[in-house]
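The values are calculated or read from the model by the stated rules, or taken from the named source; none is laboratory data. Note that the coordinates shown come from a computational prediction; the quantities given were computed from them, not determined experimentally. A quick note on method: Cβ atoms are made from the backbone with ideal geometry, for glycine too, and the neighbour counts reach across all protein chains shown.
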Amino acid sequence: MLRIAVCDDEQLYLDKTRAMLEQYAAKHDVEITAEAFVNSSALLDSIEAGERCDIYLLDIYMPGVSGMSVATELRSRGVRSPIIFLTSSTEHAVEAFGVDATHYLLKPYTQQNLFAAMDKAMQSISSHVEESIVLKIDGEYRIIPVDGILYCEAAANYQRLRMKDGAELLVRITASELYDLLEGFGCFHRCGRAYILNLNHVTKVTADSAVLKSCAELPLPRSTVAGLRSAYFDHFN
């Protein structure tokens, strides 16, 4: 199921867009859930809480924080989800390319306009599938970009994914099953039973720890350090 965030301070456009998205889902036989945000502050709160959507439809002109600022915040957190801007002016068209926007819809837009924008967003998602894994989180299937994973930590019957943007995702899966999904990307190394590290985010390996670019330092069993050093050297050479 695709999660789509629609943020617009005009209730008329909010309702209209959600109705069009339901029609798009029916026509293309895809399951979606469209989450409505009547102001950017509510959407920012959800982003801060670690919630992620597969596609974002953002009104640019909103009281307080603009849709462009929300897009900038998403990109700064490493969120690569397609962004479709909804606006009444072309003034920010160039700026939209700076945040890698998928489309720029001028109000009042038609169903045909929105469907074309959604087609581009869906193509963008498909192009990133090979760089992502799909995991079931909180009862929903989520597309997780692998470059956003710092490391995975075993927690009883779950795995805790620590993300580059600060989010923590809890997945009911074994460490072996998760490693099977990640191993093929070539940048992950399993350190004993506790951790699966993304080598792209490791800056140093000490005698008993791994230091990440985020400055976090993970204590490791000494028995796993030699294997990590070897994998780290091989990965970057």
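Odds and ends about this structure:
- Residue ID - surrounded by the most Cβ atoms within 10 Å (Cβ to Cβ), chosen from residues in region 49-73 that are touching a Lys or Arg at 6+ places or on another chain (Cβ under 9 Å) and not in a loop (DSSP other than H, G, I, E, B): 59
- Residue list for region 181-217, restricted to those being of a type in the set (Asp, Glu) and touching a Leu at 6+ places or on another chain (Cβ under 9 Å): 208
- Taking the criterion of being of a type in the set (Gly, Ala, Ser) and farther than 17 Å from residue 138 by Cβ, the residues of region 3-57 that qualify are 19, 25, 26, 34, 36, 40, 41, 42.
- Subset of region 1-48 [charged (D, E, K, R), in a strand (DSSP E or B) and surrounded by fewer than 18 Cβ atoms within 10 Å (Cβ to Cβ)]: 35
- For region 129-183, the candidate set comprises residues that are in a loop (DSSP other than H, G, I, E, B) and surrounded by 15 or more Cβ atoms within 10 Å (Cβ to Cβ); within that set, the residue that is modelled with the highest pLDDT is 173.
- Set 31, 10, 35: member being more than 23 Å from the chain's Cα centre (by Cα), in contact (Cβ under 8 Å) with a residue 24 or more places away in the chain and at negative phi: 10
- Considering (1) more than 23 Å from residue 81 (Cα to Cα); (2) assigned to a strand (DSSP E or B); (3) assigned by TED's automatic domain parsing to the domain that holds residue 24; (4) of a type outside the set (A, V, I, L, M, F, W, C), the lone condition that residue 108 does not fulfil carries the number (2).
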